[in-house]
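Only one structure is covered here, and it is reproduced in the block below.
The values are calculated or read from the model by the stated rules, or taken from the named source; none is laboratory data. Source: prediction; values computed, not measured. As a convention, Cβ positions derive from the backbone with ideal geometry for all residues, glycine included, and neighbour counts pool all protein chains shown. These area figures cover heavy atoms from the full protein model, side chains too; ligands, DNA and RNA do not enter into them. Shrake-Rupley method; radii C 1.70, N 1.55, O 1.52, S 1.80 Å.
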Amino acid sequence: MGQVHKLRTSYPTPTFAHAVQTFLVAHTANGAWSSGSTVKYRQTLTALAGTPVSDNVAALDTGPGAAALARAYPAAFGTTVPATRVRHLSTLRSALAWWREPAGWIARDPTAGWVRPKVTVDTTPALTRDQVAALWRLDVGLRDKTLWRLLYETVARAEETLTLDVSDLGLASKRARVVFKRQDRVGVLADRRRHDAAPATRRPHPRPGVLADRKPTRAVATVDLCSVTGRARPSYRRAAEIFEYATHPLADPVDRARGFTLHQLRHVMLTHEAENGTNTASLLARSRHASVRCLERYARPGPEAVAAHAAAPAARRRTGQGR
């Protein structure tokens, strides 16, 4: 009599690395994510792909597998700031949810019960108008001062500004075409979003708008290398270091552990515009923040501006009565 063999009704669960790749392809192919989002998701999940559960993603349903993931997560991201750890955790949980349904590779969430990192509210005060005025009087090079002025006046992100090429700059219109954060479409720097903007085209031989002081000592991507001078565009980290060092003398005398940050420089104009009475809709359009909640973290008028605003109605009433 012949033997009866049970037919395999499903494919074996993939490795962690294969599950990551399948998750990324599924969301990129259908246009659910932009290329920037794909990069962020890939960075997070790839950092965890070398965990002991990498042989079989189904091991996440077991105690040892969940414990291995719980050890791998702080090992990979434990030194990052809380906001970054929150982003990495959200990315991981998105992948786990997809692996449960529709993939069906795991049955439960191994991160259930994990404590969400507590993100502290940024209370760093904005630069005062006197500090901004002193900034332009610093004895620094024209390149650095031009970059700082551009960041301040345009409320642009430093990463966007540093990726600009000379061909992206419209000197006559005082505009520049940039790729928005988390978006692939191209818009106008320091202006309202243009939905009719055509994609910017890079020249075959790029000329970065901002260049480092010297030629690079290691290989640099062609898109970041000037074909004329041989120098590359500076990294955000280097630009931030230069700004912090140069502004050290302008910091609060009580706490001069460091100077100002490029992040402060981007948002100081928002605070000053809020003090001038600019409405929320205009501030959102100019800063290109995703929500009012993001905006309110930075546009915080100082005590003097609040007092002046409170006194203004009384002054108007007195003026009206005098007539």
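General remarks:
- Residue satisfying all of: in the stretch 207-223; of a type in the set (Gly, Ala, Ser) and open to solvent by less than 100 Å² (accessible area, probe 1.4 Å); nearest to ASP168 (Cα to Cα) among these: GLY209
- Residue in the stretch 19-43 that is surrounded by the most Cβ atoms within 10 Å (Cβ to Cβ), counting only those that are in contact (Cβ under 8 Å) with a residue 24 or more places away in the chain and under 21 Å from ASP55 (Cβ atoms): ALA19
- Annotation: of all residues in the stretch 88-118 being among the charged types (D, E, K, R) and at pLDDT 90 or above, the one that is most open to solvent (accessible area, probe 1.4 Å) is GLU101.
- Pairs are defined by a Cβ separation below 7 Å, a sequence spacing of at least 6 or placement on different chains, a first member in the stretch 88-104 that is within 20 Å of ALA75 (Cα to Cα) and in contact (Cβ under 8 Å) with a residue 60 or more places away in the chain, and a second member that is open to solvent by less than 50 Å² (accessible area, probe 1.4 Å) and assigned to a helix (DSSP H, G or I); the pairs so defined are ALA95/VAL20; ALA95/PHE23; ALA95/LEU45.
- Qualifying residue in the stretch 310-317 (condition: buried (at least 16 other Cβ atoms within 10 Å of the Cβ) and at pLDDT 65 or above): no
- Within the stretch 26-41, the set of residues being aliphatic (A, V, I, L, M) and farther than 19 Å from ARG93 by Cβ comprises ALA29 only.
- Residue identified as modelled with pLDDT of 85 or more and of a type in the set (Gly, Ala, Ser) among ALA219, ALA240: ALA240
- Considering residues of the stretch 130-152 that are open to solvent by 40 Å² or more (accessible area, probe 1.4 Å) and within 26 Å of the chain's Cα centre (by Cα) only, the residue farthest from GLU273 (Cα to Cα): ARG143
- Filter pass, THR38 being in a loop (DSSP other than H, G, I, E, B), modelled with pLDDT under 85 and among the polar types (S, T, N, Q): no
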